[in-house]
Amino acid sequence: MDIENLVDDYIEKFRYEAKRELEWFKKQKTIEDAIKVAALAERPSGKRFAHQRRLKKEVLEKAKEILLQNKDKIKKTKNFDELYDLISKLLKNILGIGPLYIYDTSLRIGAYLGFEPKDVYLHAGTLEGARALGFKGNKISVKDLPKSLGRLKPREIEDFLCIYKDELKKLSKTKT
């Protein structure tokens, strides 16, 4: 299987559900509602998203309170990068909050605000997938990625790199 086939697989198996999840965040009635469900990592069912299942409820509640206290600053952000940087700064001192939570929360609040990342943010599993393709750092410009990923949006590439990290590692070994 090559990257093109993996992209086809992602589109077939994951694209619809990922888009549907973001649509739910977009449809929140107020910024407060959007912050609450994003900060608590709540799915439409009320259950927690898998990426945040190990975080303690107290940690999520603390993040929620800080973000709600800063809702005006959040509303004033002009793009995803600004939102991500602000949330990162606001939550940096909370033990248990890491880059994956920052990204996911930014993506979810960003959906409400109408923002999407223009670059691919790397953390946890996405970092492994990116390394398998030869990338370093915390963020990748889409123009630097293989052309075969061009059918995916940056947020989908982030998801793709995590989901297919093991397959990408195998592919990189067969090329050497």
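What follows is calculated from the coordinates using simple rules that are stated; it is not laboratory data. Since this is a predicted model, take the numbers as computed values, not measurements. So basically every Cβ, Gly included, is an ideal-geometry build from the backbone, and we count neighbours across all protein chains shown.
Of note:
- A search for C-beta distances below 9 Å between a residue of the stretch 110-135 that is free of Cβ contacts under 8 Å to residues at least 24 places away in the same chain and any residue that is among the polar types (S, T, N, Q) and crowded, with 17+ Cβ neighbours inside 10 Å, counting only pairs 6+ apart in sequence or on different chains, returns nothing.
- Residues that are touching a Leu at 6+ places or on another chain (Cβ under 8 Å) and either within 17 Å of GLU12 (Cβ to Cβ) or not in a helix (DSSP H, G or I) (or both), drawn from the stretch 162-174: TYR164, GLU167
- Of the listed requirements (1) of a type in the set (D, E, K, R); (2) touching a Lys or Arg at 6+ places or on another chain (Cβ under 9 Å); (3) more than 23 Å from TYR101 (Cβ to Cβ), LYS165 misses just one: (3).
- Hits in the stretch 19-50 - residues which are more than 20 Å from ILE87 (Cβ to Cβ) and in contact with a helix residue (DSSP H, G or I) (Cβ under 8 Å, 6 or more places away or on another chain): GLU23, PRO44
- Filter result for the condition that a residue is exposed (fewer than 14 other Cβ atoms within 10 Å of the Cβ) and not in a loop (DSSP other than H, G, I, E, B), over GLU21, GLU12: GLU12
- Number of positions in the stretch 1-53 that are in contact with a strand residue (DSSP E or B) (Cβ under 7 Å, 6 or more places away or on another chain) and of a type outside the set (Lys, Arg): 2
- Unmet requirement for PRO117, which otherwise passes all of (1) in a helix (DSSP H, G or I); (2) farther than 30 Å from THR174 by Cα: (1)
- When LEU100, LEU107, LEU90, LEU83 are checked against the criterion of being in contact with a His (Cβ under 8 Å, 6 or more places away or on another chain), in contact (Cβ under 8 Å) with a residue 24 or more places away in the chain and in a helix (DSSP H, G or I), a single residue qualifies: LEU100.
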